[in-house]
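Working notes, beginning with the structure itself.
Only the coordinates and a few stated rules stand behind these numbers; no lab work does. Because the structure is a prediction, the values reported are computed rather than measured. All Cβ positions, even for glycine, are placed from backbone atoms using ideal geometry, and neighbour counts span all protein chains on display.
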Protein chains: 2
Amino acid sequence: MSSPLVGVLGGMGPLATVDLLHKIIEETPASRDQDHVPVVAWNVPQIPDRQQALAGTGESPLPMLLHAVRQLNHLSVSHIVVPCNTAHHWFDALAEESYAPLIHIADATLHAITLPADAKKAPQKIGLIATHGTLNVGWYQQRFAAQLGAETVVPDEQEMTTLFVPGCYAVKRGELQHGGRLLDQLAARLVARGAERLVLACTEVPPALETVSSRWRDISIDPTRALAQACVRIWLQR
Amino acid sequence: MSSPLVGVLGGMGPLATVDLLHKIIEETPASRDQDHVPVVAWNVPQIPDRQQALAGTGESPLPMLLHAVRQLNHLSVSHIVVPCNTAHHWFDALAEESYAPLIHIADATLHAITLPADAKKAPQKIGLIATHGTLNVGWYQQRFAAQLGAETVVPDEQEMTTLFVPGCYAVKRGELQHGGRLLDQLAARLVARGAERLVLACTEVPPALETVSSRWRDISIDPTRALAQACVRIWLQR
């Protein structure tokens, strides 16, 4: 196999892409520039809104996503990752168009949950903190059931309305303390219902829990970091 | 003119590229994803060491830099920026190879110094904090003299040995407090010799001065941020 070159289909939003690039660097054992993962990032945010498209109120992002996949393939990338949970709605169509294999963010997350260090204690119940869009489509729940035999604990509608949504929008406004307190409460609710691990499948949640030094960080998994770890594995296994 | 697409020739090091991408986002007036600058970043750090090449002890990075320029041009980028001061040694050869124009980091810095808000008080003396390589090549000094009629105040050899070099290496080791104190002393020396503005042309310096809340931050210019501002101008003037 030729040398890896990770293609990042980004821009959704642009900061989530920068966050992934930063985490790839953090996760790489390196003592000099040349040890780091080679990456090409397509960080072009002029893609129709994914939430609106899914709600039937906006145009489809698929043509621009396919264009990005073709551009990354022109550069002979060896793999493609997409640092946006919602964009995975179009994963199959993108994978079909791409010569380079795509890595699914939920597969990367699953791998992070089943790391050897944790093998002795496979979780029976996994809490999932995510948008309505990600919760409804069921990728995470299906994988946890099929691969781990684990049940997924999700927020109920009242928790989405009073904790998740206002927590996320507080973070988007820069009010990380306030958002962190709400999301920390949501995490506590899922743990109270038996969740042994928490998957924070929305980019606002990890920084908010960090800000309030949430006690639930130790059992939490950040899918963006899991995706970064998948990129580093590809590079180290070359 | 077709829509801008900024190409970033990065990887030197990979974190400096991520820093530029982050500052492009910070500098953009945006209320939604689609308002942000479209960027493609070639963040491939497998480029021969620039310092060693300049010292005559390592192979030239030019062939790999030219390859990166060609790859970015394949994607029809409208402009190319290089978030690495040292790599600008090969600027002319890269500009000659590229269909898309390259923006020189020292030109972007010059623009930041001459922003309208500062026009009433054009500096007569500008302090320059940079590596030996950047100091010796003289891009900044030549531009300050030719465009502003300003003199450049640089560290003397003793200040390089006792303040700049140990300060930078402290930052590279993660000792930002210690590094910040040394670099803050260096800044004070240049100001004592008449510098009215300081150009921090080495990526270690801005975070170190930030850490120690240096009083000299207000008169300082970060060339990476100036390069980000140049990218944002291109986008807003489309």
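Some points to look at:
- When chain B is treated as a GNM with alpha-carbon contacts under 10 Å, the residue of B:222, B:156, B:107 showing the greatest mean-square fluctuation is B:156.
- Values of log10 I(q)/I(0) for the protein assembly as shown across q = 0.07, 0.12 Å⁻¹ run -0.40, -1.11, by the Debye formula with one identical scatterer at each alpha carbon and no solvent.
- Close amide H pairs (under 5 Å, H built 1.01 Å from N) link residue A:102 with A:80, residues at least 5 positions away or on another chain.
- Across the identical copies, how the residue A:29 labels are spaced - nm, sorted shortest first, 7 Å along Cα→Cβ: 4.9
- Kirkwood Rh in Å, taken over region B:49-125 so that all alpha-carbon pairs contribute: 14.3 Å
- Peptide A:66-72 has a mean of 1 when you count, residue by residue, the C-beta atoms of other protein chains within 10 Å of its C-beta.
- Taking B:142, B:158, B:51 as the candidate residues, the one with maximal mean-square fluctuation in a Gaussian network model of chain B, Cα springs under 10 Å, is B:158.
- Distance to the B-onto-A rotation axis is smallest for one chain B Cβ; residue and value in angstrom are B:41, 2.
- In sequence order, calculated HN-Hα J values of region B:214-228 (Karplus, 6.51, -1.76, 1.60; Hz; x Gly/Pro): 4, 5, 8, 4, 5, 9, 9, 10, 9, x, 5, 5, 4, 5, 4
- By average C-beta atoms within 10 angstrom, highest first, the peptides A:33-39, A:148-154: A:33-39, A:148-154
- Tail weight of P(r) past 21 Å, computed on alpha-carbon pairs of region A:98-172, percent: 39 percent
- Computed P(r) (all Cα pairs; region A:118-222; 10 Å bins; percent): 16, 51, 28, 5, 0
- Ellipticity estimate at 222 nm from DSSP helix runs (n ≥ 4, -39,500 (n - 2.57)) divided over chain B, nearest 500: -13500 deg cm²/dmol
- Pairs from the table (A:172/B:121; A:23/B:121; A:23/A:125; B:23/B:121; A:121/A:172) lying more than 31 angstrom apart at Cα are A:172/B:121; A:23/B:121; A:121/A:172.
- Other protein chain Cβ atoms within 10 Å, averaged over every residue that makes up A:86-97: 0
- In chain A, the longest principal axis of the Cα atoms and the axis of helix A:139-148 are about 90 degrees apart.
- Residues B:182, B:227 arranged by fewest to most Cβ contacts within 10 Å: B:182, B:227
- Taking only the Cα atoms of region A:1-99, the ratio Rg/Rh comes out at 1.01, with Rh defined as the Kirkwood radius.
- Relative contact order (%) - criterion: Cα under 8 Å, at least six apart; region: chain B: 22 percent
- Length-normalised contact order of region B:75-119 in % [C-alpha pairs under 8 Å, at least 6 apart]: 43 percent
- For residue B:220, the residues 5 or more places off, or on other chains, whose built amide H falls under 5 Å of its own are B:198.
- Between identical copies, the spacing of residue B:233 label points, each set 7 Å from Cα toward the C-beta atom, reads 4.6 nm from nearest to farthest.
- Histogrammed with a bin width of 5 Å, the alpha carbon distances of chain B distribute as 1, 7, 14, 18, 19, 17, 13, 8, 3, 0, 0 percent, first bin at zero.
- Of all the options B:32, B:143, B:189, the one that moves most in a Gaussian network model of chain B with Cα springs shorter than 10 angstrom is B:32.
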